[in-house]
1. Sort Met60, Met20 so that the residue with the fewest other Cβ atoms within 10 Å of its own Cβ comes first and the one with the most comes last.
2. Let's see if you can work this out: charge +1 on each Lys and Arg Cβ, -1 on each Asp and Glu Cβ, no other charges. What is the dipole magnitude of the chain about its Cα centre, in debye to the nearest 20?
3. What FRET efficiency, computed as 1/(1 + (r/R0)^6) with R0 = 22 Å and r the Cβ-Cβ distance, is obtained for Ala32 and Ala87, rounded to the nearest 0.05?
4. Between (1) 15.6; (2) 16.3; (3) 16.9, which entry matches Kirkwood radius over Cα pairs in Å as derived from the coordinates of this structure?
5. Taking 30 Å as R0, compute the FRET efficiency from the Cβ-Cβ separation of Leu73 and Met25 and round it to 0.05.
6. Pop the C-beta distance of Ala105 and Leu6 into the FRET formula with R0 = 30 Å and round what comes out to the nearest 0.05.
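Since every read-out is calculated from the coordinates, none of them should be taken as a lab result. Predicted model, so just to flag it, every value in this text is computed and none were measured. Glycine gets a Cβ as well: all are built from the backbone with ideal geometry, and neighbour counts include every protein chain shown.
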Amino acid sequence: MTNALLLLHLLGVVVWVGGMFFAHMALRPTAAELLDPPQRLPLLHGVFSRFFPWVWISVMLIMSSGVILMVLLGGFKAALHIHVMLAIGLVMSGIFAYIYFFPYAGLGRETAARNWAAAGVAMAKIRRLVGINLILGLTNTCVALLGRML
């Protein structure tokens, strides 16, 4: 059972963190170089509308498998790195929920209204917050790997 939970946990991490890395480091910069706002912003909104449901699934997989694994590993007596991963995961989940319900919703509204300036502001907020979550996700991956070695 532990191996199955670890597999689900890892798959969720790969989808979420890998997707953020791709979107932040490759897709958005390329779209910004090649496309004007009337083409770029609907494209990015469309990409997020396909990616964010996968992020919700990933968050649920990561958090549920992580809590179950924590309980199996001793609950609150689990190793420090387990608690650090949980804390970072909770912060990341909160940031994602904020992105989804506020700037992403605004991006959708403003893109539909063809208000490119306001859509650009929403996209800039998403970019900054995804960047923060990407750093947190990569940090959490390091904590997971290095924490087992300590």
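1. Met60, Met20
2. Values: 10 positive and 3 negative charges, 21 e Å.
Roughly 100 debye for the chain.
3. E(calc), rounded to 0.05, equals 0.10.
4. (2)
5. Efficiency for this residue pair is about 0.35.
6. 0.30
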